[in-house]
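The values are calculated or read from the model by the stated rules, or taken from the named source; none is laboratory data. If you're wondering where the values come from, they're calculated on a predicted model, not measured in any experiment. Cβ placement follows ideal geometry from the backbone for every residue including glycine, while neighbour counts extend to all protein chains displayed.
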Amino acid sequence: MLTLFLALPLMGQSLLVERAESTVVINRDNLVRAKADALKDAKGQVVMQAVARYLDYNSMVSLKPLLKKHFFENPDDFIESIRVISEGNTEDLSEFTINIETRIFQSRIISAFRKLGLPPLDERVPFRDYYLIYNAENEFRQTEFLTKFLEQLHARLKPYRIRTKDILVNEKFLPVKAGMQARLNLLKSNHDEQTDKNSFPLLELKSSKIADGNDPQQHNLKTEIIFWSPENKLTDSPIIIASATALMPYSSEQIDSIIPQLLDRLILNWTPVIKKALIFNEGRGIKVKIKFIGLYGPVEEQLLVKTLFHNNPRWKNLRLDTISSNFVSYRSLYLGNKDKMLKEFILPPDSQFQISELKWEDNYLVVNVTWHELIASLEPYFTLDEGNDIDEETEENNLPIPEFQVPLSPFKQTYRLPLTSTVYDNIRHRGDSTLFMIKADKDNESYEEKNLIKITWNRLGPTHLRPKLTIYDHNRKRVKGYLLKRKKHFSFQYLLPEGNDAFYLKISDEIGFLEGVAGSYQSFRYFLTVN
């Protein structure tokens, strides 16, 4: 099987767009089976490409069996819609190739990461430190085996932001029934600092050789990872919180191949152990009330909340508390160290906000914010894959040829749309939107000539969405909205209030559940002209 990856940038804020091409061999002239296999492989590939947005290359490699099981083998759980770009077989019916474009639910990818205990790449999660007791029979404590084993284990723990302080059981094998007290004694003998049941979280990795029940001459290597917790009483030694086991045939001559295979089997089962350890590490949360001062309106508020709290697992249960003319407040649960809480409000260098003051006042964490408008430029228009369809519809309906198009980028920005120009855009899914800033022509002398703006909107092709057009004033306050529904062409004039030289125009969809509609046309393309 030959597979070629073709990835596209992120479109919108809740769906990912990915392409893949898959070629399979046609066995015994079974073209139907080949088509099904090629489609299944292509769907798995696009989902894995989406996963690769949230993990670095080394993590994708070290966790490949786990990711394949949860994502590649179940692609339909994550795909919203599929468009077949091309498909066909060779003349001699030896191979079949399919090329697809898919829209993938970003939220479902992130949700699956949560279930696996994996933080996405952009989550601001520090490394968590754990004691790891390596408890093995003498044969598996030898330097060659031990070094390779722990090295590859660390690589598989790194994507979880887990860092271990390894403690080797140097004497005899430590049985589980010896309990946590025996583990505490081991910690005390290896470290000068005080250790007690609060020295956890504690992980234990056991390696032992057991005889094969079917062939006494053969042996299996058994590896088990265990999470110990102070939730257990020290006297309840046999009770452990979570464990996972992997078993495979063992031969000392095959050590280099056995270790990665064994760990690959282990990671398929260890998610409950990892999640228990991560939950314990979080500790108890701190209830926090946060008051934001200086926001212009809901658009800025949403952007600030997303910048500070999105993909940050230390903030839980964020809830809107109060909306006032002077401020807006939220309640949340903070799972980190209170002394480090203020560092959570350090904004990225390219942020549209600056925090001028941060202080505790009357049980509130008060955040004074300054907003800096960043306006992005549109790209020159060029013909895309669907360009032939656009050209035909443009000629048929006598539409203007656009000078600009909205860039394909991870997150849409506010775009400056010049007067006497036309822009092409694609609202790619429900909930997507594009915001334009339009300035009046200062060269015209009369107030009406300068401030009367004519706006023309033309939809291209069919859609199951319901387009919506909304006007905002220069302070981003809503002025008026138009529900375009099934209209393909819409035109109106807008007179800017005296003293204002700019306004904002948003193209979006009327968000809602569309009963009985799925798959194609969950998007719409359009031209927008301003004069």
Please find, among 92, 129, 122, the residue that is of a type in the set (Asp, Glu) and either under 30 Å from residue 224 (Cβ atoms) or surrounded by 19 or more Cβ atoms within 10 Å (Cβ to Cβ) (or both). 129
Evaluate the following for residue 425: is it modelled with pLDDT of 75 or more and under 18 Å from residue 471 (Cβ atoms)? yes
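Table: residues versus (1) assigned by TED's automatic domain parsing to the domain that holds residue 300; (2) outside any loop (DSSP other than H, G, I, E, B); (3) within 34 Å of the chain's Cα centre (by Cα).
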{"residue": "453", "(1), (2), (3)": "no, yes, no"}
{"residue": "459", "(1), (2), (3)": "no, yes, yes"}
{"residue": "464", "(1), (2), (3)": "no, no, yes"}
{"residue": "486", "(1), (2), (3)": "no, no, yes"}
{"residue": "498", "(1), (2), (3)": "no, no, no"}
{"residue": "503", "(1), (2), (3)": "no, yes, yes"}
Tell me, please, whether a residue that is among the charged types (D, E, K, R), modelled with pLDDT under 90, assigned to a strand (DSSP E or B) and over 25 Å from residue 334 (Cβ atoms) can be found in region 115-131. no
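For region 101-137, name all the residues that are free of Cβ contacts under 8 Å to residues at least 12 places away in the same chain and of a type in the set (S, T, N, Q).
If the condition is that a residue be free of Cβ contacts under 8 Å to residues at least 12 places away in the same chain and of a type in the set (S, T, N, Q), then 111 is the only one that fits.
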Among residues belonging to region 30-41 that are closer than 23 Å to residue 15 by Cβ and in contact (Cβ under 8 Å) with a residue 40 or more places away in the chain, point out the one that is surrounded by the most Cβ atoms within 10 Å (Cβ to Cβ). 41
Among (1) farther than 30 Å from residue 80 by Cα; (2) at pLDDT 90 or above; (3) loosely packed, with under 14 Cβ neighbours inside 10 Å, which single condition is residue 475 missing? (2)
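What about residue 356, is it touching a residue at least 12 places away in the same chain (Cβ under 8 Å) and in a strand (DSSP E or B)?
It is true that residue 356 is touching a residue at least 12 places away in the same chain (Cβ under 8 Å) and in a strand (DSSP E or B).
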For the subset of region 505-531 comprising residues that are in a strand (DSSP E or B) and among the polar types (S, T, N, Q), which member is modelled with the highest pLDDT? 529
Output the number of residues of region 42-64 satisfying the condition of being surrounded by fewer than 19 Cβ atoms within 10 Å (Cβ to Cβ) and either touching a helix residue (DSSP H, G or I) at 6+ places or on another chain (Cβ under 9 Å) or in contact (Cβ under 8 Å) with a residue 40 or more places away in the chain (or both). 7
Evaluate region 94-106: report whether one residue or more is of a type in the set (Lys, Arg) and not assigned by TED's automatic domain parsing to the domain that holds residue 205. yes
Which numbered condition in (1) in the same structural domain as residue 144 (by TED's automatic domain parsing); (2) at pLDDT 85 or above is the only one that residue 327 fails? (1)
